[in-house]
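Every number here is computed from the coordinates shown, using simple stated rules; none is lab data. Since the model is a prediction, treat every value here as computed from it, not as a measurement. Positions of Cβ are generated from backbone atoms using ideal geometry, with glycine treated the same way; all protein chains shown enter the neighbour counts.
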Ligand SMILES: NC(=O)c1ccc[n+]([C@@H]2O[C@H](COP(=O)([O-])OP(=O)(O)OC[C@H]3O[C@@H](n4cnc5c(N)ncnc54)[C@H](O)[C@@H]3O)[C@@H](O)[C@H]2O)c1
């Protein structure tokens, strides 16, 4: 993968920062996007709000200009809104759709022609176990993750002939700020709550960000050359 160029969104977060480290370790030139990327070590920094259509749509071209091409996109940024539909505000709806679906749509739409022109590429989207089957009390979040799973497979069919492989990773619980903040908001101690959660996973623990990042890197690499349109569940056998 040495010398390839990647864009990673949500690069300051738990999974995103692990993906950046894993790609950099394989000699990939990495451009990072998030609201604040000042603490992330990378080859190019593009801070901004992914809900801003002009910003997210311009990212692929900006990365290609800065680093000489664009071979890999990891649409990882995400937000989680809790609640049943009856508890979901219009603001929750817009935020969830904006970050989890619209931004990957705009980034992919702009990246695909660049990759096609260069002879190929790989896009890895981060969906969720809740993107492939439903879960309780997170109706709109689950719906956005199902939307990105479907978009992944549709784009894979449409763009495989151009040499672009598009796949998604579907994690169950991962030990990141997203998960831990959720516990804090509910008045729980994150370490104790993660300890309890570990007991519910057949493999014995919830995922660490690196467990997900290694699968993302595999899907982006030539080792996954025939993997296309896959929704790869990474869940320690917890369904
Ligand atoms: N943590 C889990 O248990 C879990 C499980 C399944 C799927 N996922 C998915 O994995 C992905 C990464 O999640 P994480 O757990 O690392 O969360 P995280 O909160 O640690 O990281 C998410 C990152 O996205 C960025 N982001 C959010 N909104 C943004 C915006 N408008 N503009 C720019 N950046 C924005 C945040 O700043 C943050 O750095 C998400 O898509 C999430 O839905 C997480």
Ranked 128, 108, criterion: other C-beta atoms within 10 Å, fewest first:
108, 128
Gap separating the Cα centres of the stretch 44-87 and the stretch 169-239, nearest whole Å:
21
Across the stretch 113-239, what fraction of all alpha-carbon pairs, as a whole percent, falls in each successive 5 Å bin from zero upward?
2, 11, 17, 20, 19, 13, 9, 5, 3, 1, 0
Ascending count of other beta-carbon atoms within 10 Å, so fewest first, for 176, 152, 200:
200, 176, 152
Mind listing P(r) for the stretch 52-184? All alpha-carbon pairs, 10 Å bins, whole percents.
13, 40, 32, 14, 2
How long is the stretch 132-182 along each principal axis, judged by its Cα atoms, biggest number first, in Å?
41, 21, 13
Take every Cα pair under 8 Å in the stretch 69-141 that's 6+ residues apart, average their separations, divide by the length, and report that relative contact order as a whole percent.
59
Choice from 224, 207, 160 with maximal GNM fluctuation in the chain (Cα, 10 Å cutoff):
224
Please determine, in degrees from 0 to 90 and to the nearest 10, the orientation of helix 103-118 with respect to the longest principal axis defined by the Cα atoms of the chain, where the helix direction is its Cα long axis.
30
With the 8 Å Cα cutoff and a minimum separation of six or more residues, the chain has a relative contact order in percent of 20
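Would you work out if the stretch 156-229 is rounded, prolate or oblate? Take a ≥ b ≥ c from the square roots of the eigenvalues of the alpha-carbon gyration tensor; rounded if a/c is under 1.5, else prolate when a/b is larger than b/c, oblate otherwise.
Here the stretch 156-229 falls in the prolate category.
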Using alpha-carbon pairs under 8 Å, 6+ residues apart, how would you state the relative contact order of the stretch 1-126 in percent?
26
For the stretch 110-164, the Rg and Dmax computed from alpha carbons only, in angstrom:
13.7, 43
Cα-based Rg/(2.2 N^0.38 Å) for the chain, rounded to two decimals, is 0.96
Computed [θ] at 222 nm, helices only, for the chain once each DSSP H run of length n ≥ 4 contributes -39500 (n - 2.57)
-13500 deg cm²/dmol
Using Cβ contacts closer than 10 Å as the measure, can you line up 170, 129, 154 from fewest to most?
154, 129, 170
In terms of the ratio Rg/(2.2 N^0.38 Å) built on C-alpha atoms, what value belongs to the stretch 1-122?
1.08
Taking the Cα-to-Cβ direction at residue 117 and at residue 237 and moving 7 Å from each Cα, how far apart do the two end points lie in nm?
4.9
